[in-house]
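**Student:** Have a look at this one.
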Amino acid sequence: MSPAEKAARVVALTRAANTLALAGLRVRHPEASDGELLLRLAAIRLGPDLVRRVYGWSAPGPDGA
């Protein structure tokens, strides 16, 4: 497999992982907007403290998740 093919495969797998993660968040938070779901995904990946500092957003609710 060439380096370009490997890179394309990594991009495809990353997109698939994002799609699955967002689908799971959508099930858990059906009332959330697309923007909120992306922020929730960022909080999972980057941590809630960084998302709060960078985007000024905290997940609503008692646990912040």
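**Student:** Got a sec? Which of Ala59, Ala65, Ala43 is in a loop (DSSP other than H, G, I, E, B), touching a helix residue (DSSP H, G or I) at 6+ places or on another chain (Cβ under 7 Å), small (Gly, Ala, Ser) and at pLDDT below 95? Even if it seems obvious, please write down each step before you answer.
**Tutor:** Numbers: Ala65 fails: touching a helix residue (DSSP H, G or I) at 6+ places or on another chain (Cβ under 7 Å); Ala43 fails: in a loop (DSSP other than H, G, I, E, B).
None of the other options fit; the residue is Ala59.
**Student:** Oh, and also: List pairs: first in segment 36-51 and within 11 Å of Asn18 (Cα to Cα), second among the β-branched types (Val, Ile, Thr) and assigned to a helix (DSSP H, G or I), Cβ under 8 Å, 6+ apart or cross-chain?
**Tutor:** Ala42/Val51
**Student:** Given the residues Ala43, Ala12, which is the only one that is surrounded by 10 or more Cβ atoms within 10 Å (Cβ to Cβ), of a type in the set (Gly, Ala, Ser) and within 11 Å of the chain's Cα centre (by Cα)? Lay out the reasoning, then the answer.
**Tutor:** Values: Ala12 fails: within 11 Å of the chain's Cα centre (by Cα).
Criteria check complete, one pass: Ala43.
**Student:** Go through segment 46-65 and give me each residue that's β-branched (Val, Ile, Thr) and over 13 Å from the mean Cα position of the chain (by Cα).
**Tutor:** Here is the first cut: in segment 46-65, the residues β-branched (Val, Ile, Thr) are 51, 54.
Scanning segment 46-65 gives a single hit, Val54.
**Student:** Any idea which residue in segment 27-40 is surrounded by the most Cβ atoms within 10 Å (Cβ to Cβ), counting only those that are part of a helix (DSSP H, G or I) and more than 11 Å from the chain's Cα centre (by Cα)? Lay out the reasoning, then the answer.
**Tutor:** Residues of segment 27-40 that are part of a helix (DSSP H, G or I), as a first pass: 27-28, 34-40.
This time we only want the ones that are more than 11 Å from the chain's Cα centre (by Cα), so: 27-28.
Numbers: Val27: 8, Arg28: 11.
Looking at the filtered set, the residue picked out is Arg28.
**Student:** State which residue pairs qualify: first residue free of Cβ contacts under 8 Å to residues at least 40 places away in the same chain and assigned to a helix (DSSP H, G or I) and inside segment 7-19, second residue surrounded by 10 or more Cβ atoms within 10 Å (Cβ to Cβ) and not small (Gly, Ala, Ser) in any location, beta carbons under 8 Å apart, and separation of 6 or more residues or different chains.
**Tutor:** If the second residue must be surrounded by 10 or more Cβ atoms within 10 Å (Cβ to Cβ) and not small (Gly, Ala, Ser), the pairs left are Asn18/Leu41.
The values are calculated or read from the model by the stated rules, or taken from the named source; none is laboratory data. Here the structure is a predicted model, which means the values were calculated and not measured. Because the Cβ atoms are built from the backbone with ideal geometry, glycine has one as well, and the counts that use them run over all protein chains shown.
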